[in-house]
1. PRE reach from LEU256 (point 7 Å along Cα→Cβ): which of the stretch 100-118 fall under 20 Å by backbone N?
2. Using 0.36 nm per residue of separation minus the Cα-Cα distance, give me the extension gain between ASP159 and ASP25 in nm, one decimal.
3. Roughly how many Å is it from the Cα centre of the stretch 16-40 to that of the stretch 130-198, as a whole number?
4. If the elastic network links every pair of Cα atoms under 10 Å, which of LEU189, LEU23, LEU133 fluctuates the most in the Gaussian network model of the chain?
5. With a cap of 11 neighbouring Cβ atoms within 10 Å, and only residues DSSP puts in a loop, list the GluC sites (Glu not before Pro) found in the stretch 95-202.
6. Under a 5 Å amide H to amide H cut-off, with H placed in plane at 1.01 Å, what residues pair with ARG75 once short-range neighbours are removed?
7. Taking trypsin sites (Lys or Arg not before Pro) that fall in a DSSP loop and have at most 14 other Cβ atoms within 10 Å as cut points, what is the longest piece of the chain between them?
8. Using a simple spin-label model with points 7 Å from Cα along the Cα→Cβ vector, what separation in nm is obtained for HIS64 and HIS228?
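Quick note: the coordinates plus some simple rules give every number you see, no bench work behind them. The structure presented is a predicted model; accordingly, all values stated were derived computationally and were not measured. In this analysis, Cβ positions are derived from the backbone assuming ideal geometry, glycine residues included, and neighbour counts consider all displayed protein chains.
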Amino acid sequence: MTETSAAELARTDEGRACLEALLADPATALVAFDFDGTLSPIVADPASAVADPEAVAALGRLGHLVGTVAVITGRPARTAVELGGLDRVAGLEGMVVLGQYGIERWDAETGEFRIPPPPAEIDDVEAALPALLAELGLTGVQLEHKQRAIGLHTRRCADPAGAFRTLAEPVRQLAEQHGLGVEPGRNVLEIRPPGVDKGDALRALVEERGSRSVVFGGDDLGDLPAFHTARALREEGLTSLLVVSASAEEDALVQLADVVVDGPPGVAGWCSAVADLLEGRPA
Ligand SMILES: O=P(O)(O)OC[C@H]1O[C@H](O[C@H]2O[C@H](CO)[C@@H](O)[C@H](O)[C@H]2O)[C@H](O)[C@@H](O)[C@@H]1O
């Protein structure tokens, strides 16, 4: 595990204010992380992206200590629970997973999944994709069917960035024809219904839990709305601390960060150091 000193837990005044509030009143703290690239290292096959065991164990430590721990992810809630092993981590017995950018939910306490039916348009998009990929002459694009969304992954293409650029506009047009939107990410374009994002998901959870200090960590463009929401909460009298799980692939979040850590091992170190402080141990 990467060691994180107390001084490195928050490098901004706003982040330090949140950390102080969290330490003073952990019961009203919410700690939420994105899944891929944050709790789980990026791998070539999305189906194999199991969580970093140290990151989820450290989140579990926080689960014993703060009011709410959550995962807010673009993955289906079921997939995040499975890949994270989140139903068998000590300390996560009360956690919440908000999947597909917040429209799906899993509550660890009851084990219940709330999964709304998928939009019919996704099947039409799926049917159109093979012809589109053939027309563009792209091979190696991996399709990830997520029931209410389809990810087109270019990571395994010979030229991932080039394939991403080639796909961007045709995929946007296809999505638009079916009343859907496109969520870009790290070597992925995801066709999904518009109308909900991680910012909405985070705000709803904060309100539901009555949280006063809010930590959110992410690594990719899909996390930007949650970053903006967390910062907006400051104007409403709450505190927030934004953790970026850094990568060479995406730096859009860094300018909004209160602390930048080195991928999932860095997230593990950050969570452990906060848990140490909450337990009264020197970090
Ligand atoms: O919101 P997240 O939890 O970050 O999910 C966003 C997307 O992440 C996944 O794709 C990314 O991770 C894959 C596995 O490491 C990697 O192969 C891919 O290149 C990354 O973009 C996931 O497959 C998508 O469904 C998520 O929407």
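1. What the label zone holds, given the 20 Å backbone N cut-off, is 100-104.
2. 43.3 nm
3. Result: 32 Å between the Cα centres.
4. Checking each option, the largest mean-square fluctuation is seen for LEU133.
5. Taking the stretch 95-202 and a limit of 11 other Cβ atoms within 10 Å, the loop GluC sites (Glu not before Pro) found are GLU109.
6. Correct list: GLN100, TYR101.
7. The reported range is 12-155.
8. Each label point is offset 7 Å from its Cα along the Cβ direction, giving 3.9 nm.
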